[in-house]
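The values are calculated or read from the model by the stated rules, or taken from the named source; none is laboratory data. Since the model is a prediction, treat every value here as computed from it, not as a measurement. Cβ sites come from the backbone with ideal geometry, for glycine too, and all protein chains shown count toward neighbours.
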Amino acid sequence: MKLLGFRYEPRRKGYYVDGHEKPETISYRNKYMERYLLYERRMYRWIQLSAAHSEELEKQGLVTKNSGYKYKNRDGIDMVEYHVDSNKIFQEEADKETRFGGYLSVRIEMERPLIIFGHDESIFKQYHMTKSAWVAPDGTVTIIPKDDGQGLMISAFQSREFGFGMNITDEELQKINETRRGEKYADEAAAIAKRGTADKKDLKHSPFIIEFEYGANNEGYWSYEHMVLHLEDCVDCVKVLVPQFDYLFLFDHSCGHDKQREDGLNIENMTKSFGGKQAYLHDSLIKEVDGYLGPYPKVLKPGDVQSMVFKESDAGPFWLTEQERIEQRYDQVEAGKKVKRKLKKEELVKKLAEAGVTATGNYTKIQKLAQEKNIPIKEENLPKIKLGWVGKQKGVYQVLWERGLIDPHNLNQYTMDGRKDQFGVLQPHTSLKHLLGSCRDFQEEESLLQTMGRKMGVLVDRTPKCHCELAGEGIEYSWGCAKNYYRRLPLKEKKSKETFKQSVRKSLCNKNVLTLDRVRAFSRRARQYTLAYYALHQQQQEQQAIGIRAADNLATSETSQLTTVKIEQMVKQFKTHRCAVDFDSAFIKSVIVKKDNE
């Protein structure tokens, strides 16, 4: 191995360079930042000063000159509106005078105020210790366990308005439970799978922070089903306690959060030709914006609804001749040909149930159980069917052709994954997956969690992939703060399962550790990165189109002091999804030390 250039050395943490600066990630990040800054217009994050007071602050160097939003109030007095993050004194004043740490913007239109909750999950290990420890004068040290011990996963929400989690009194909990009784969860299948019933049961405590004992021998592993139920429990609380607001819940791009609807526009659920095992996707509205139609001859135009299934009135697959379309229009039984097939898992479960046997487990286990009960696991001598195209899924080829995204005179250049040139470089324009996956409706297809959120009456959005510094209203910093606190607790407070849990709860306490002030500081930190990326995006746009300037006064005024060099250093620093304690530990410690000294 040494001859090949390898080195044998201790393992150490490092960054896995992934998609932080991939073009599609950057594109999503830019759109997300624009959405986030618009969301803020509806939130309690603003402070209004007279123009005279603003000028004094400018002279003192406390705010940037010519920043803020200028307007006249009803009395005709010149005013300036600032975001509370523009200066720490604004946040301090707003905390004293308001419940939610700021005022509504004067620019809010006929919309209800908005509150954002950020979400994330984190795992606490029983014996996750600090890298250093105090050594007694006689040289004795505490004996450290050999492994990390038990693990406990925490799923939590936080917001600037309510802090980490949400404190709910017994009286409020009773009021919430009264409204839940007799109601069913939006995703009934998820509720039945995880809780045995779709009916909502009484909450015993605030659901905004929940503990999950993961592992095959415990509660299993966190999934979409757990997440959607956790979300709805929290939605029920805010709708009862503060119904005058709209709500937005921010999630990252974990596999559970990104789970697709069965009929969602997902290229991975499609095949090239029609029919087969590919999914039945929902129809899509062709909008009059870029990302829907291509440069080649097309049958669709803006305003049309594209069906992903062949209808009786359709001409049929474009690559077939007219005679082939006629011959293959409907399903046909092939005379003299027989086939056999294995029964599906749900079919075997049903047959076993009819025989009075309750079947659980995987497909192999159920097949074995059926054989023991003399229930056939196959159907034989079935007529062979030649499938027609009417009523079948269109497939990638047909969908792209209808949109004018493939050249009908040069179809041989296309494959599902694309062709490579003479140097082995993949040519994206020859990939059917790339062409359709780049369409705006496929890129913006909402996840199942977003669909269920809409059904609950709230918004669900996702922060950019590989950008933990932007996640969940600064919740990554909250995890870093809590784990800093946890690692400093005495080992004796973590030895048993119950004391371990108590130590985790102590580390997550929103009265002593994750205080409202700290959560707002962490959210402010995440927003600073949002503005930095936004400034970088604006600068790149200006370089591409000289003389065209983005019109968002808020972002330009607050990011004027951020140099290009600093932003570029920041962009290079974040290369994967890492805990905030890894990449911004100095900031977290400074917040902790500052608050402790106060």
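In region 95-118, is there at least one residue being basic (Lys, Arg), exposed (fewer than 14 other Cβ atoms within 10 Å of the Cβ), in a helix (DSSP H, G or I) and out of contact with any Pro (no Cβ under 7 Å at 6 or more places or on another chain)?
Pass one, region 95-118, residues basic (Lys, Arg): 96, 99, 107, 112.
Then drop every residue that is not exposed (fewer than 14 other Cβ atoms within 10 Å of the Cβ), which leaves 96, 99, 107, 112.
Then keep just the ones that are in a helix (DSSP H, G or I); that gives 96.
The next check asks that each one be out of contact with any Pro (no Cβ under 7 Å at 6 or more places or on another chain); those that pass are 96.
Scanning region 95-118, I find at least one residue that is basic (Lys, Arg), exposed (fewer than 14 other Cβ atoms within 10 Å of the Cβ), in a helix (DSSP H, G or I) and out of contact with any Pro (no Cβ under 7 Å at 6 or more places or on another chain), so the answer is yes.
Out of region 447-461, which residues are surrounded by 14 or more Cβ atoms within 10 Å (Cβ to Cβ) and free of Cβ contacts under 8 Å to residues at least 60 places away in the same chain?
Quick first cut of region 447-461, residues surrounded by 14 or more Cβ atoms within 10 Å (Cβ to Cβ) only: 447-453, 456, 458-461.
Within region 447-461, just Gln450 meets the criteria.
What's the total number of residues in region 195-231 that are under 26 Å from Asp461 (Cβ atoms) and of a type in the set (Lys, Arg)?
1
Name the pairs: first residue in region 274-293 and within 17 Å of Gly404 (Cα to Cα), second residue of a type in the set (Gly, Ala, Ser) and crowded, with 17+ Cβ neighbours inside 10 Å, Cβ to Cβ under 6 Å, at least 6 apart or on different chains?
Close Cβ pairs satisfying both conditions: Leu293/Gly404.
Mind listing whichever residues of region 154-191 are within 27 Å of Gly474 (Cβ to Cβ) and either part of a strand (DSSP E or B) or outside the structural domain of Met227 (by TED's automatic domain parsing) (or both)?
Answer for region 154-191, where residues must be within 27 Å of Gly474 (Cβ to Cβ) and either part of a strand (DSSP E or B) or outside the structural domain of Met227 (by TED's automatic domain parsing) (or both): Ile154, Ser155, Ala156, Phe157, Gln158, Ser159, Gly163, Phe164.
Please verify whether Glu324 is over 17 Å from Gly404 (Cα atoms) and either loosely packed, with under 13 Cβ neighbours inside 10 Å or polar (S, T, N, Q) (or both), treating the condition exactly as stated.
Taking the combined requirement at face value, the residue does not satisfy it.
Of the residues that sit in region 391-424 and are part of a loop (DSSP other than H, G, I, E, B) and of a type in the set (D, E, K, R), which one is nearest to the chain's Cα centre (by Cα)?
Only one residue tops the list, namely Asp417.
Looking at region 400-427, which of its residues are touching a Ser or Thr at 6+ places or on another chain (Cβ under 9 Å) and among the β-branched types (Val, Ile, Thr)?
Across region 400-427, the qualifying residue is only Thr415.
Select from region 499-539 the residues that are among the aromatic types (Phe, Trp, Tyr) and either over 25 Å from the mean Cα position of the chain (by Cα) or closer than 14 Å to Ala482 by Cα (or both) and list them in ascending order.
Phe500, Phe522
Would you mind telling me which numbered condition in (1) in contact with a Lys or Arg (Cβ under 7 Å, 6 or more places away or on another chain); (2) modelled with pLDDT of 90 or more; (3) part of a loop (DSSP other than H, G, I, E, B) Asp236 fails?
Asp236 satisfies every listed condition except (3).
If I go through region 407-434 residue by residue, how many of them are in contact (Cβ under 8 Å) with a residue 24 or more places away in the chain and either surrounded by fewer than 13 Cβ atoms within 10 Å (Cβ to Cβ) or out of contact with any helix residue (DSSP H, G or I) (no Cβ under 6 Å at 6 or more places or on another chain) (or both)? First the steps, then the outcome.
Filtering region 407-434 for residues in contact (Cβ under 8 Å) with a residue 24 or more places away in the chain gives 407-408, 411, 416, 432-433.
Okay, now just the ones that are also either surrounded by fewer than 13 Cβ atoms within 10 Å (Cβ to Cβ) or out of contact with any helix residue (DSSP H, G or I) (no Cβ under 6 Å at 6 or more places or on another chain) (or both), so 407-408, 411.
Looking only at that region, the number is 3.
With (1) outside any loop (DSSP other than H, G, I, E, B); (2) in contact (Cβ under 8 Å) with a residue 40 or more places away in the chain; (3) not hydroxyl-bearing (Ser, Thr, Tyr) as the list, and Glu498 as the residue in question, which single condition is left unmet?
All conditions are met except number (2).
Spot the failing condition for Trp134; the list is (1) among the aromatic types (Phe, Trp, Tyr); (2) at pLDDT 85 or above; (3) more than 28 Å from the chain's Cα centre (by Cα), and only one is missed.
(2)
(1) modelled with pLDDT under 95; (2) over 31 Å from the mean Cα position of the chain (by Cα); (3) of a type outside the set (A, V, I, L, M, F, W, C): which one isn't true of Asp148, the others all being true?
Status for Asp148: all satisfied but (2).
Looking at Ser284, Ser254, which is the one that is of a type in the set (Ser, Thr, Tyr) and either touching a strand residue (DSSP E or B) at 6+ places or on another chain (Cβ under 6 Å) or under 20 Å from Ala315 (Cβ atoms) (or both)?
From the options Ser284, Ser254, the qualifying one is Ser284.
Condition test on Glu58, is it modelled with pLDDT under 90 and outside the structural domain of Ser523 (by TED's automatic domain parsing)?
no
Could you grab me the full set of residues in region 202-217 that are surrounded by 13 or more Cβ atoms within 10 Å (Cβ to Cβ) and either farther than 18 Å from Lys125 by Cβ or not acidic (Asp, Glu) (or both)?
Leu203, Ser206, Pro207, Phe208, Ile209, Ile210, Phe212, Tyr214
Does Tyr82 meet the test of being part of a strand (DSSP E or B) and within 32 Å of the chain's Cα centre (by Cα)? Explain how you work it out, then say what you get.
Numbers: part of a strand (DSSP E or B): yes; within 32 Å of the chain's Cα centre (by Cα): yes.
In short, yes.
Val333 - would you say it is assigned by TED's automatic domain parsing to the domain that holds Ala279, over 42 Å from the mean Cα position of the chain (by Cα) and aliphatic (A, V, I, L, M)?
Judged against the criteria, Val333 is a match.
Kindly indicate whether any position in region 214-225 is modelled with pLDDT of 95 or more and either in a loop (DSSP other than H, G, I, E, B) or not assigned by TED's automatic domain parsing to the domain that holds Leu470 (or both).
no
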